[in-house]
Amino acid sequence: MKSPLLSLPGAVPAEGVDEGVAAHYGDLFREQRALADGAGFVDLSHRGVITVSGEDRLSWLHLLLTQHVSELPAGQATEALILSANGHIEHALYLVDDGTTVWAHVEPGTREALVAYLESMKFFYRVEVADRTADFAVVHLPAGSIAEVPEGVVVRETAYGRDLFLPRADLESFAATHGPAAGLLAHEALRVEQHRPRLGFETDHRTIPHELGWIGSAVHLQKGCYRGQETVARVQNLGKPPRRLVFLHLDGSDVHLPAPGTEIRLADEGPDGRKIGFVTSSVRHHELGPVALALVKRNVPVDARLLAGDTAAAQEVVVEP
């Protein structure tokens, strides 16, 4: 869906999976600094919005998700994953229950498959699953924002800010009273700084939760059975995920950022050395300069100097080896 906020002055459309919203509004670093200071908002209206209602909604979702949600208090935000039978990550949901309905926003392009899966698992449970993307848009207010939320809007509040499930028809009026708008690139720069993984960016077809540090925030280790739990338990007990997420400080003298998928090698082995990982997200941060998230093999020394393509990189541990 193309956001009406692309008509705001200076708006430059995002590309790829984030197509439909603004990448920036003309000044990437100013927009980052505004968000870091708790000002402005981010248009995330390209994300999918799913609701689950009915009296069995929490107990039913508890059976399907990696997170403990059977007794989720109204208004308390959480996040959860849906895994394959082999424990690989298939979906990531960002949830809040308003007392009668669970609201979740999900990555662009994933909602149809997610709704189809949820519908297939309803059986005799008293639940209703709905795709509300056409009617509601996600808007992000940064941590520290004192902006007022329109009455009746469902809010998902975390340490990183507030996600609003705003009626899509109210997007333009919201922007007129809650500016300045910050683009998706500013939002992504802060996400990378905070070491937060994103489905489809830090994940591939074989990613398991331990590799990304999603244990705890999205995976509850004491809850009952769910699809893929055997893999989670085995890796938790053995302590040996095959890969680990790292934060990279990139050489700032390079003009271009290494694109997602860029191969990572040990600097001591040079650009022709063996591949030990790949870049998942790369951004320009207003204070840190060029930085990235990457997946590397678990046994890569934590103090090893790396090459992301031809770019020198120093790693910072996110997930312990």
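Here is a check on your reading of the model: is Glu119 under 19 Å from Phe201 (Cβ atoms), surrounded by fewer than 22 Cβ atoms within 10 Å (Cβ to Cβ) and acidic (Asp, Glu)?
no
In this structure, is Leu164 assigned by TED's automatic domain parsing to the domain that holds Gly20, farther than 14 Å from Leu35 by Cβ and surrounded by 15 or more Cβ atoms within 10 Å (Cβ to Cβ)?
So Leu164 passes the test.
Among the residues of segment 249-272, write down those that are under 14 Å from Pro301 (Cβ atoms) and surrounded by 11 or more Cβ atoms within 10 Å (Cβ to Cβ).
Ile264, Arg265, Leu266, Ala267, Glu269 - these are the residues of segment 249-272 that are under 14 Å from Pro301 (Cβ atoms) and surrounded by 11 or more Cβ atoms within 10 Å (Cβ to Cβ).
With respect to the numbered conditions (1) surrounded by fewer than 22 Cβ atoms within 10 Å (Cβ to Cβ); (2) at negative phi; (3) of a type outside the set (A, V, I, L, M, F, W, C), which one is the sole condition not fulfilled by Gly99?
Just one mismatch for Gly99, condition (2).
Could you say whether any residue in segment 64-75 is at positive phi and modelled with pLDDT of 95 or more?
Within segment 64-75 (the criterion being at positive phi and modelled with pLDDT of 95 or more), the answer is yes, since at least one residue qualifies.
Which members of segment 100-120 meet the condition of being touching a helix residue (DSSP H, G or I) at 6+ places or on another chain (Cβ under 6 Å) and more than 30 Å from Arg33 (Cα to Cα)?
Val102
Name the residues in segment 64-86 that are surrounded by 16 or more Cβ atoms within 10 Å (Cβ to Cβ), of a type in the set (A, V, I, L, M) and either part of a loop (DSSP other than H, G, I, E, B) or more than 22 Å from the chain's Cα centre (by Cα) (or both), would you?
Result: Leu65, Val69, Leu72, Ala77.
Considering only segment 221-254, how many residues are of a type in the set (S, T, N, Q) and part of a loop (DSSP other than H, G, I, E, B)?
2
Write out, first by first residue and then by second, each pair whose Cβ atoms fall under 9 Å of each other, whose residues are 6+ apart or on separate chains, and whose first residue, in segment 177-189, is closer than 19 Å to Leu257 by Cβ while the second is assigned to a strand (DSSP E or B) and among the hydroxyl-bearing types (Ser, Thr, Tyr).
Pairs found: Glu188/Ser281.
Go through the residues of segment 44-59 one by one and say whether even a single one is modelled with pLDDT under 95 and among the basic types (Lys, Arg).
no
How many residues are touching a residue at least 40 places away in the same chain (Cβ under 8 Å) and either part of a strand (DSSP E or B) or of a type in the set (Val, Ile, Thr) (or both) when one looks only at segment 1-44?
Number satisfying all stated conditions: 10.
Residue-by-condition table, conditions (1) within 18 Å of Ala80 (Cα to Cα); (2) part of a strand (DSSP E or B); (3) not basic (Lys, Arg):
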residue	(1), (2), (3)
Gly99	no, no, yes
Ala104	yes, yes, yes
Ala116	yes, no, yes
Thr133	no, no, yes
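The values are calculated or read from the model by the stated rules, or taken from the named source; none is laboratory data. Not measured: the values here are computed from a predicted model. Every residue, glycine among them, receives a Cβ derived from its backbone with ideal geometry; neighbour counts consider all protein chains shown.
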